[in-house]
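Reading through the structure tokens given below for one structure.
The values are calculated or read from the model by the stated rules, or taken from the named source; none is laboratory data. Just so it is clear, the model here is predicted, and its values are computed rather than measured. When we count neighbours, we look across all protein chains shown, and the Cβ atoms used for this are built from the backbone with ideal geometry, even at glycine. We work out accessible area using only protein heavy atoms, side chains counted, and drop any ligands, DNA or RNA first. Shrake-Rupley method; radii C 1.70, N 1.55, O 1.52, S 1.80 Å.
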Amino acid sequence: MSEQGIGGQYVPLLDTSDDEDEELFVNMNKELESKYTDYYQFIANSKSIRPICITEDVDFRNMSFVKKICWWVGTFFKLLSIIMLSVRTDRLSDVQYLRHHWLFYGGMLGFSLAAWSPQVIDTLGSNGILQEGIFRMDHAPAFAICAFGLFYYILSISFFFKYLGPWMREKFGTAKTLKFWEYFVSLAWQIQTIGFWVLTITPALFEKELEVIPGWLTTTSGILLVVLGIGSKMGAIYGTGYNTYYWYDMVTDIPNAYFVEVGIYKFIGSPTYTLGRGTSFGAALHFRSVPMLVAGVVDLVLINLFNKFVEQPSVEKMYSTPKQKEESYKSTPSNI
């Protein structure tokens, strides 16, 4: 996800009058109703990536209070499931997308659920619902899998953005590259997640040394950090939009329509690469796992190296001209 400050609600690309805003909103909705038979080709043919903020194409002014509450509750669970499952669960409510891409999306969703199934089974076992201890692993293979997951994730997406993605766009076209990317990055996320999980099914280390730290303290602190991490990622997706969370601008080499600072981006520039990593440290505290704490530090270092040497150079190249910067950054009032 390109970590620029982005956001706002129902936003035109350029500043316009209220009448022009209303006309643009209506025209945009008409376009969305008949915009594609192939979503990925539609994106590939676009001049810019949008919507940006997830509320951009939502007309709150014509919603009742109850509908607003239902929309926000539904959006909360979309954001939460996207972060937890590493798959675009927002598309479950996109009838037009599912009509044309149900098989492609179903495969991706099924893969994600299958990747999560060992963790679900292990959790059910820990709570006495299933047999406990189905999954157990010694330290050496667990550490190896974790290290592989951490480095595979960063190296694979870096390789894609630097070499594979540009080659695929030229060889196969932007639409097919984007479809490939969604499976590619989902696989990378799942491998990284499994790498962290295997550390929870190994024999505990440093139990005696950690006895001086109360269990309630590590559990409480861990839960707070997990909530902070997930909340930060949710805030980032709210401000950047679902597409930007998946680095659509970098994958397609098509710029985002605009940038404005909103929400969490008013306080921190790269929330998913900093506060968002609180989930790893929170889990380490909850499980009282020193290896997971080390893995969290490695993950934090690697993702920020990626940001510095891969993402930011790409962003600077794409949005470097004065005209692009002037047109991209717009302040946007809320209409909720």
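Yes/no per residue for (1) within 14 Å of Leu187 (Cα to Cα); (2) buried (at least 17 other Cβ atoms within 10 Å of the Cβ):
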{"residue": "Ser86", "(1), (2)": "yes, yes"}
{"residue": "Arg91", "(1), (2)": "no, yes"}
{"residue": "Gln96", "(1), (2)": "no, no"}
{"residue": "His101", "(1), (2)": "no, yes"}
{"residue": "Phe104", "(1), (2)": "no, no"}
{"residue": "Met108", "(1), (2)": "yes, yes"}
{"residue": "Phe111", "(1), (2)": "yes, no"}
{"residue": "Ala115", "(1), (2)": "yes, yes"}
{"residue": "Pro118", "(1), (2)": "no, no"}
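Within region 235-276, can you find the residues that are of a type outside the set (A, V, I, L, M, F, W, C), in a loop (DSSP other than H, G, I, E, B), open to solvent by less than 10 Å² (accessible area, probe 1.4 Å) and more than 17 Å from Arg88 (Cα to Cα)? Outline the logic, then answer.
Within region 235-276, the subset of a type outside the set (A, V, I, L, M, F, W, C) is 235, 238-246, 248-249, 252-253, 255-256, 258, 261, 263, 265-266, 269-274, 276.
Keeping just the survivors that are in a loop (DSSP other than H, G, I, E, B) gives 241, 246, 253, 255, 258, 261, 269-270, 274.
With the extra rule that they be open to solvent by less than 10 Å² (accessible area, probe 1.4 Å), the set shrinks to 241, 246, 258.
Tyr258 - this is the single residue of region 235-276 that is of a type outside the set (A, V, I, L, M, F, W, C), in a loop (DSSP other than H, G, I, E, B), open to solvent by less than 10 Å² (accessible area, probe 1.4 Å) and more than 17 Å from Arg88 (Cα to Cα).
What pairs can you find where one residue is in region 77-94 and without any contact (Cβ under 8 Å) to a residue 60 or more places away in the chain, the other is open to solvent by 60 Å² or more (accessible area, probe 1.4 Å) and not aromatic (Phe, Trp, Tyr), and their Cβ atoms are less than 9 Å apart, with a gap of 6+ or different chains?
As it stands, the answer is Lys78/Leu92; Lys78/Ser93; Ser81/Leu92; Leu85/Leu113, since those pairs meet every condition given.
How do the pairs read when you match residues in region 123-141 that are over 13 Å from Val198 (Cα atoms) and of a type outside the set (A, V, I, L, M, F, W, C) with residues anywhere that are open to solvent by 80 Å² or more (accessible area, probe 1.4 Å) and assigned to a loop (DSSP other than H, G, I, E, B), using Cβ under 8 Å and keeping only pairs 6 or more apart or on different chains?
Matching pairs, first to second residue: Gly125/Gln131; Gly125/Glu132; Gly125/Ile134; Ser126/Glu132.
Could you please give the count of residues in region 306-336 that are out of contact with any Ser or Thr (no Cβ under 8 Å at 6 or more places or on another chain), open to solvent by less than 20 Å² (accessible area, probe 1.4 Å) and modelled with pLDDT of 95 or more?
Number of matching residues: 0.
Under 8 Å between Cβ atoms, at least 6 apart or on separate chains: pull out the pairs that start in region 203-231 with a residue that is open to solvent by less than 90 Å² (accessible area, probe 1.4 Å) and end on any residue that is assigned to a loop (DSSP other than H, G, I, E, B).
Pro203/Asp138; Ala204/Arg288; Ala204/Ser289; Leu205/Ser289; Leu210/Arg288; Ile213/Arg288; Gly215/Arg288; Thr218/Arg288
Among the numbered criteria (1) modelled with pLDDT of 95 or more; (2) open to solvent by 50 Å² or more (accessible area, probe 1.4 Å), which one does Ile303 miss?
The number of the failed condition is (2).
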